[in-house]
Structures are given as C-alpha cells and as structure tokens.
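Some notes on the structure that comes next.
The values are calculated or read from the model by the stated rules, or taken from the named source; none is laboratory data. Everything quoted here is computed from the prediction, not taken from an experiment. Neighbour counts are summed over all protein chains in view; Cβ atoms, including those assigned to glycine, are modelled from backbone coordinates with ideal geometry. We work out accessible area using only protein heavy atoms, side chains counted, and drop any ligands, DNA or RNA first. Shrake-Rupley method; radii C 1.70, N 1.55, O 1.52, S 1.80 Å.
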Amino acid sequence: MAVVTIDLEACINCGWCRRVCPTETIKYFATGHRTHIVEPDGCIDCGICTPVCPVNCIHPVPDYTVAPEKLNAAKGAARTFAADQRKLKQDRDAVVERTLARLASLGGAHA
Ligand code: SF4
Ligand code: SF4
C-alpha cells in the first residue's frame, strides 16, 4: 500500500491537508522550516489530503510499506475521526432544528 509525502520545497504551510487527514498523521512545524510533513506510518492512503492542497505538492510514495500493527492503529484512528465527525454533524443539525423551532414559535407568538 502506498503512502503520501509532501514536497517540502513547494508546501506553503496552509494547513488544509492537516485539517482533513482522518488519522492526524500530517504534522506541522516539525521540519524546522515552516512546512507540513506526513508521518508515513500513520497514513492509510485514503487520498483525502491530495485534492485539497492548493499547490499540488502531496505525492504518493508507492514503495513504502507500513507495518501491519501501525496500519491497524492508523485505521483505528480514522474510524474514531469518522465517528467524531458524525457526532459533530448530528450536534450541529440538532442546534439548527432547535433554533428553527424556537424562531417558529416566536413567529407564532407575534402573529
Ligand atoms: S492519504 Fe489520508 S491518511 Fe494519508 S496523509 Fe493523506 S489524508 Fe492522511
Ligand atoms: S495543503 Fe499542501 S500547501 Fe497546504 S500545508 Fe498541506 S502540503 Fe502544504
């Protein structure tokens, strides 16, 4: 399985890749020259980070192999990330529904 790496010369350190990475394996300010890096043993090759990079500087490393126990840990981190995202969305939807219901009741009181 491939992992990805960041071209340190091209990275503008915007942070978009780090925000979307489900295994939180993209780190920042770890290189000493204000760029992001991928810690490859946490990469599950999901491909989510590549299209969000505004300067297209995230590339595959096809010949890198992640040890099975590290890959399992990374997959577990991704599952936790996905569950957290689902919970956040449910919480946001609940706030919107409560707000709409409150506004509707206020509208009814003034009608
Ligand atoms: S390919 Fe997926 S797991 Fe790997 S660094 Fe990008 S977003 Fe993270
Ligand atoms: S999205 Fe691209 S430019 Fe932005 S921090 Fe990540 S690798 Fe660097």
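What do you get for the angle between helix 68-110 and the principal long axis of the chain? Use alpha-carbon atoms, 0 to 90 degrees, nearest ten.
Tilt relative to the chain: about 20 degrees.
So what is the diffusion coefficient of the chain in µm² per second by Stokes-Einstein at 4 °C and 1.567 mPa s, using a Kirkwood Rh over Cα pairs?
80 µm²/s
Which residues' amide hydrogens lie under 5 Å from the amide hydrogen of ASN13, considering only partners 5 or more residues apart or on another chain, with H built in the peptide plane?
Under 5 Å from the amide H of ASN13 lie the amide H atoms of HIS36, each far enough along the sequence or on another chain.
Taking H placed 1.01 Å from N in the peptide plane, check which residues at least 5 places from VAL3 or on another chain put their amide H under 5 Å from its amide H.
Residues meeting the criterion, in which the H sits 1.01 Å from N, are VAL61, TYR64.
Count charges around ILE6 for me, please; just the other residues with Cβ under 12 Å from its Cβ, Lys/Arg as +1, Asp/Glu as -1.
Every neighbour counted, the sum reads -1.
Determine the share of region 33-111's accessible area contributed by carbon and sulfur atoms, expressed in whole percent, with a 1.4 angstrom probe.
Carbon and sulfur atoms account for 60 percent of the accessible area of region 33-111.
With only Lys, Arg, Asp and Glu charged, each at its Cβ (+1 for the first two, -1 for the last two), find how big the charge dipole of the chain is about the Cα centre; round to the nearest 20 debye.
Using Cβ point charges on Lys, Arg, Asp and Glu, the chain gives about 560 debye.
Find which of THR35, ILE58, CYS21 sits farthest along the positive direction of the dipole of region 3-110, computed with +1 on the beta-carbon of Lys and Arg, -1 on that of Asp and Glu, about the Cα centre.
Of the candidates, CYS21 comes out farthest on the positive side.
Hey, what's the chain come to in accessible area per residue, 1.4 Å probe, Å²?
67 Å²
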